[in-house]
Structures are given as structure tokens and as C-alpha cells.
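Peer 1: Got a structure here, written out as C-alpha cells. Questions coming.
The values are calculated or read from the model by the stated rules, or taken from the named source; none is laboratory data. Computed from a predicted structure; not experimentally measured. Ideal geometry is used to build each Cβ from the backbone, glycine not excepted, and the neighbour counts take in all protein chains shown. These accessible areas exclude ligands, DNA and RNA; they are computed on the full protein's heavy atoms, side chains included. Shrake-Rupley method; radii C 1.70, N 1.55, O 1.52, S 1.80 Å.
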Amino acid sequence: MSNINSVEEFDPRDIADSRLIAGIAYFYILFFLPLVVRPNSRFGKFHANQALLLFIVNTVGGGVLRMIPFIGGFAAWIFGFCVLAFGIMGFLNAYEGKARELPFVGHYRLIK
């Protein structure tokens, strides 16, 4: 895959075989799905990592924001909306066969 926005180069066959399951990983806690269904897929692991990062950020960030008196609920709602937008971006990237890091958190690697 030769795309200027790609983080890494991936095998076109791997992308074709894994893009749907990689996209599904962005549905909340389903980040582990590419690791189970396509364990040898580098493309799947890339998106599983991105989805796991979003899951962690949403869980921790939303919980912390809810503890703020008066504005915490509203701040958590706005934060959740932003995380949802990043999740949609990740899903679309995966489904289109692209490996773009998500803004702010995408450069971290928890799954290698």
C-alpha cells in the first residue's frame, strides 16, 4: 500500500482480508476481534491497537471528567462525542484499507 498518510506499509492481501474485521474493532469493546479472528494480520493488529487506545481514553477520560462538579457531565458528553468521531474515523480508515494514526493517541503502541 503506497499512501502518503499511511503509518506503515501493509500487504495488500492482508488489507483485503482484514479490513472489515479491523473496522469492527472500533465498536466500543470489540477491539480484540481482529486479534482473535485474524491473529497474524499486521493490518488487523494496527487497528486493534488504535481501537484499544480509544477504548482506554474513553473509559478513563470520561470517568475522570464525570467527577468534576457542575460541568463534569457536560464535559464528559462532549469528550464522548469527540471519541465517537475518532472511532468513526478509525472505522472508515480500516474499511478503506488505510492505516492512519488517530489524532492525539494514535502514536502509542500497546499491541505490537
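Peer 1: Accessible area of GLU96, 1.4 Å probe, to the nearest 10 Å²?
Peer 2: Counting only protein heavy atoms, the figure is 110 Å².
Peer 1: Also: List the chymotrypsin sites (Phe, Trp or Tyr not before Pro) within region 1-106 that fall in a DSSP loop (any state other than H, G, I, E or B) and whose Cβ has at most 10 other Cβ atoms within 10 Å.
Peer 2: Those that pass, being in a loop and sparsely packed, are PHE70.
Peer 1: With unit charges on the beta carbon (Lys/Arg positive, Asp/Glu negative), name the residue among VAL83, SER18, GLY63 whose Cα is farthest towards the positive pole of the charge dipole of the chain.
Peer 2: Working it through, the farthest residue towards the positive pole turns out to be GLY63.
Peer 1: Continuing with the same structure: Report the relative contact order of the chain, percent, no decimals, based on alpha-carbon pairs under 8 angstrom and at least 6 residues apart.
Peer 2: 32 percent
Peer 1: Let me ask another. Quick check: at a probe of 1.4 Å, how many percent of the accessible area of the chain sits on carbon and sulfur atoms?
Peer 2: About 70 percent, which is the carbon plus sulfur part of the accessible surface.
Peer 1: Next question. Does the chain come out rounded, prolate or oblate, given a ≥ b ≥ c as the square roots of the eigenvalues of its C-alpha gyration tensor, rounded meaning a/c under 1.5 and, failing that, prolate meaning a/b above b/c?
Peer 2: Note, shape of the chain comes out prolate.
Peer 1: Over the chain, average the accessible area per residue using a 1.4 Å probe and give it in Å², no decimals.
Peer 2: Dividing the accessible area of the chain by its residue count gives 60 Å².
Peer 1: Comparing ASN49, ASN58, ASN40, which has the greatest mean-square fluctuation in the GNM of the chain with Cα pairs linked when under 10 Å apart?
Peer 2: Highest fluctuation among the options: ASN40.
Peer 1: Sticking with this structure for a sec: Going by accessible area, probe 1.4 Å, with all protein chains left in place, what is the ranking of LYS98, LYS112, largest first?
Peer 2: Final ranking, largest accessible area leading: LYS112, LYS98.
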